[in-house]
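The structure under discussion appears below in the form of structure tokens.
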Amino acid sequence: MNFPAVIRLEPEQQAQVDHVWHNMLTPPNRLDHDLLLDVVFVNGLHAMGVDRVHYVAEKETSAGRVTMTVDFDRQKRTPEDKPDSGQFTFVLTSPTGHVLRREHYTGDDVLSRGRELFGQPVPVSADPLSAIPMISITAYPTAIQNHHALENRHRRIIAATQPIVVP
């Protein structure tokens, strides 16, 4: 998981992942202990094309306990009968258990943020070189502006993890 969301695959990509699972588990003990871990790790099968994810991470901080939760169900549908892309929740609680801050992000919020910060995810079985964007000469000034905006955004992200400087 590169960021707290599960990428919903296109039907063809989902079928590819399903075939990989079928192949590696037919018969059930086809892969030995070490090879099973290698295959899952290298192919990202712990997160890519899965049906459901529930992930909880906790961190004790000087401000209190942070609990981050990722939920995803590939079959879940929204009222508009569209696939639900899951959710990411961030909760900060005091040492006495009072909620100090709660933030909720939809899966679409997280995926769009990931695309903004890290670029488009590479499709399953895609040629890695095809993910390299080609910039036309006429689009170059806009690309430079976007690059500078992204650099500034990353500087703010880094600064947010540093101590507050009081003048």
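The values are calculated or read from the model by the stated rules, or taken from the named source; none is laboratory data. Please read all numbers here as calculations on a predicted model, not as lab measurements. Heads up, the Cβs are rebuilt from the backbone with ideal geometry, glycines too, and the neighbour counts pull from every protein chain shown.
This table checks each residue for (1) on the phi < 0 side of the Ramachandran plot; (2) modelled with pLDDT under 70; (3) not aliphatic (A, V, I, L, M).
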position	(1), (2), (3)
K76	yes, no, yes
K82	yes, yes, yes
L111	yes, no, no
H154	yes, no, yes
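How about the range 10-119: which helices (runs of 4 or more DSSP H) wholly inside it have at least 2 residues that are in contact (Cβ under 8 Å) with a residue 60 or more places away in the chain and closer than 30 Å to R153 by Cβ?
Details: elements: 11-24, 33-43, 107-118.
Correct list: 107-118.
Which condition does E60 not pass, out of (1) farther than 30 Å from V99 by Cα; (2) acidic (D, E); (3) loosely packed, with under 11 Cβ neighbours inside 10 Å; (4) modelled with pLDDT of 85 or more, if it passes all the others?
Here E60 clears every test but (1).
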